[in-house]
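Derivation of every value follows stated rules applied to the coordinates shown; laboratory data play no part. For clarity, every value in this text was computed on a predicted model and none was experimentally measured.
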Amino acid sequence: MTILFAKRAEVPQTWKVATVAAIKAAGDGDRHGADAFIQTSTGLRIPAHSNILASMSPVLARVLNLPNKRWKSEKVIRILGVPNEAVLAFVRLLHAGCDEEDEEMMRRNGMHLLVLSHVYQVKWLKRACEKRLAFWLDAATVVDVLKLARLCDAAWLGLRCLKLVKKDFGAVQKSDAWQFLEANDPWLELYILEFLHESDLREKQSRRNMEEQKTYQQLSEAMECLEHIFKEGCTDIKPDRRRRSSCSCPPLDACQPLQLLLLHFSKCDGNRATCSRCRRIWQLLKLHSSICMAQDSSSCKVPLCRQFKYKMQKMEEKLEERKWMVLGKKVASVVAFSSFAKRKRYESGRDLGPE
Ligand SMILES: [Zn+2]
Ligand SMILES: [Zn+2]
Ligand SMILES: [Zn+2]
Ligand SMILES: [Zn+2]
């Protein structure tokens, strides 16, 4: 394991051995300049340097520098509800940073250290805990770690947990933690199931997008080839064909099937309207003409391009014509209605006129 963080301060060698006894000895004897204590639930007092605590944790800094707080003879900060070993590890990490010797200590206390680093806002330690916990994740522990990650706003770790649940859902479902979750925590269960469902949907959508992109890519290659075949004569079906080697055919695996289709189209004996191969090339030719920018027939050699364009233009004109016709009908009916209303008003005015 690489050294995650450099040592923060010189600490007594006894502290390096993360055992309660060693710290007790340090507390009873030489305190190496420590001017504060961290006290645990069982009354264990761990000597600490208040300036290091304050520089590492904004929360501890506030506690140590409370304006109205009068420390008696010594500064004692209580960290309760956490096992001694975890508090000890926390204090040691604040003083010494995190290195490869801490692997085992992290493994035993990782979850508690995550909580402590979250509560006391020690960002680097929280990140280190997230990394280590994610590294040790397995199907048996993932649900508990996920629960904790949510409580500690550890979004990165939470996501890693969810990804593992998704990857190994069968094994996770067999774990005790999952059984407990099913019986006692329907909200978290729902949250996990929703994540699985949404990520399934996302995967399907991205697969669909990729397939669409692939189709567009193939179509664009086909368009490129179509122009290229009829412009440069890169084909066996054109009478004035040039030598294949002289042509810089772009995507060869798109070009050859297209040439075969064109060859079929030119010789098809069947009904072209129902023949699937003819229909395909027909659609490709139509697609070409819809994107072809050539102004006149001499600049585009692709067959049927001009005819399709002409047809489309006619259709557009028809559509436009129909729009005008509908508009005309509507206006005419409004005109007829208003002149009828005017006449009515005029007639009723005459009836009521002076006798
Ligand atoms: Zn080609
Ligand atoms: Zn070619
Ligand atoms: Zn055919
Ligand atoms: Zn064209």
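Details
- J(HN,Hα) series, the range 253-264, from Karplus relation 6.51 cos²θ - 1.76 cosθ + 1.60, nearest Hz, glycine and proline x: 6, 8, 6, 5, x, 5, 5, 5, 4, 5, 4, 4
- Put simply, the convex hull of the Cα atoms in the range 66-225 casts, on average, a shadow of 16.1 nm².
- Overall Cα dimensions of the range 256-300 - principal axes, largest extent first, Å: 34, 20, 16
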